[in-house]
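Computed from the coordinates by the stated procedures, all read-outs in this text should not be read as laboratory data. Since the structure is predicted, the reported quantities are computational estimates derived from the model, not experimental observations. Using ideal geometry, Cβ is built from the backbone for each residue, glycine included, and neighbour counts are taken over all protein chains shown.
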Amino acid sequence: MMSWKTLDDMELAGRLVLTRVDINVPVENGEVTDATRIERIVPTVHDILAAGGSPVLLAHFGRPKGKVVPEMSLRPLVPALEKAFGHPVSFIERPTRGALESLPEGAIALIENTRFAPGEEKNDPEMAKFLASLGDVYCNDAFSAAHRAHASTEGVAHLLPSCAGRLMEAELKALEAALGAPKRPVLAVVGGAKVSTKLDLLANLISKVDMLVIGGGMANTFLAAQGLDVGKSLCEHDLAETAREIMAKAQDTGCEIYLPSDVVVAEEFRAHAPNTVVADTAVPSDCMILDAGPDSVERILGAIDRAETLIWNGPLGAFEIAPFDAATNAAAAHAAARTEAGELVSVAGGGDTVAALNKSGAAERFTYISTAGGAFLEWMEGKTLPGVAALEQG
Ligand code: ADP
Ligand code: MG
């Protein structure tokens, strides 16, 4: 079981609260074009202020690789932060304890890009010590950076009283409910482009979940591994043996695997390309599989009906191009409806998965949508996230 402190457990009044956040937002011509990541840290900043603390924000931006790269300064983010917080933000290029202490009480400070310092990504103990000297309490609200053991995500957590911020807390609770101590049966839906990027994920899931739907391009590799002709489909033929091993292991662990029984095929990867539904055994050699067919969708909806918990990464088809988003949309709508009815805990994450679920309109009705990307995937793979582990010890 997880044991980390939250802001409620900490003494914050009159203290400098070093707060690691992820504000690596898209910026075009000096303007933030999507402030989602900034909006998600507002509760943490507000709660620190409400408790009488002074948030000192630590964050990275881009990949400056230990050098000062002026284009990767956090300074241009100040207006967007002030707007989201409804509170002035003091930008601090070269932080010192003295500079932070001389700010008015209840001020919010933003420290320059942590990755400008060579010690950050090396998790240099000297850098961690320096960061710790800047605050009295450490709060990590950057789950999405927790898979990296950096000075500002891991090292510093061992040197100060540490806790999870509100976003980190929400993320960890949702993940615990999905895979840590879930209500069973648990259904995992794994789709997307390739098996090769999700081998660790599949290996971990078949040992933990009761049902596993394999969809998207990666299902083609599994179909081909069973001797079926997948035509021009995206397929990793060299992973046929691996796919067979995964199927065999699933049988051992009692994890029921769902592969497509019918598929939607087209001659080209293009929106509204002429398409037909065929059995998985009858894919024409000049066609590619772009979505799961209606019979497969029925079986997936049935699995969702039987599940108490759903964890989802990877779209079931080429969701970017209509109508090959149909299976993804149908499964998303069904999961959303059961979630709304209080019958299902549904958690989803992954860059394209979040885009697909947003596009389907079902995302808001899921229990939790993780925007953490790599950290979410590593967690689903069963790996220890150093940034979270450091909080558990502190
Ligand atoms: P995530 O970012 O959520 O982890 P992935 O990057 O693994 O998801 O997969 C998303 C991609 O998989 C999308 O670009 C989608 O078009 C592609 N995809 C899904 N099904 C197919 C298919 N049958 N053929 C080709 N590409 C597919
Ligand atoms: Mg992706």
If you go through L344, L357, the only one that is free of Cβ contacts under 8 Å to residues at least 60 places away in the same chain and either among the charged types (D, E, K, R) or within 16 Å of ligand 2 (Cβ to nearest atom) (or both) is L357
(Q) Take the conditions surrounded by 14 or more Cβ atoms within 10 Å (Cβ to Cβ), of a type in the set (K, R) and under 24 Å from E39 (Cα atoms) and apply them to R63. Does it pass? (A) no
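Yes or no: A330 aliphatic (A, V, I, L, M), closer than 30 Å to K122 by Cβ and surrounded by fewer than 24 Cβ atoms within 10 Å (Cβ to Cβ)? Step through it out loud before you land on a result.
On the way: aliphatic (A, V, I, L, M): yes; closer than 30 Å to K122 by Cβ: no; surrounded by fewer than 24 Cβ atoms within 10 Å (Cβ to Cβ): yes.
So A330 does not fit the description; no.
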query = surrounded by fewer than 17 Cβ atoms within 10 Å (Cβ to Cβ), part of a loop (DSSP other than H, G, I, E, B), among the aliphatic types (A, V, I, L, M) and away from ligand 1 (no atom under 11 Å from the Cβ) - does that describe any residue in the range 257-266?
reply = no
Of (1) touching a residue at least 12 places away in the same chain (Cβ under 8 Å); (2) out of contact with any strand residue (DSSP E or B) (no Cβ under 7 Å at 6 or more places or on another chain); (3) not β-branched (V, I, T), G98 satisfies every one except (1)
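Is it fair to say A335 is within 12 Å of ligand 1 (Cβ to nearest atom), crowded, with 21+ Cβ neighbours inside 10 Å and either aliphatic (A, V, I, L, M) or more than 20 Å from A151 (Cα to Cα) (or both)?
Details: within 12 Å of ligand 1 (Cβ to nearest atom): no; crowded, with 21+ Cβ neighbours inside 10 Å: yes; either aliphatic (A, V, I, L, M) or more than 20 Å from A151 (Cα to Cα) (or both): yes.
Considered against the rule, which asks whether it is within 12 Å of ligand 1 (Cβ to nearest atom), crowded, with 21+ Cβ neighbours inside 10 Å and either aliphatic (A, V, I, L, M) or more than 20 Å from A151 (Cα to Cα) (or both), A335 comes out as no.
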Within the range 286-308, the residues that are within 12 Å of ligand 1 (Cβ to nearest atom) and hydrophobic (A, V, I, L, M, F, W, C) are C287, M288, I289, L290, A292
Within the range 327-348, residues being closer than 26 Å to C287 by Cα and touching a Phe, Trp or Tyr at 6+ places or on another chain (Cβ under 9 Å) number 4
When restricted to L167, L175, L187, L202, the only residue closer than 24 Å to A332 by Cα, surrounded by 17 or more Cβ atoms within 10 Å (Cβ to Cβ) and in contact with a Lys or Arg (Cβ under 7 Å, 6 or more places away or on another chain) is L167
By my count, helices (runs of 4 or more DSSP H) wholly in the range 116-219 with at least 2 residues that are within 30 Å of D252 (Cβ to Cβ) and within 16 Å of ligand 1 (Cβ to nearest atom) are 199-208
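Filter the range 345-368 down to the residues that are assigned to a strand (DSSP E or B) and farther than 13 Å from V190 by Cα, then identify the one that is farthest from ligand 1 (Cβ to nearest atom).
V345
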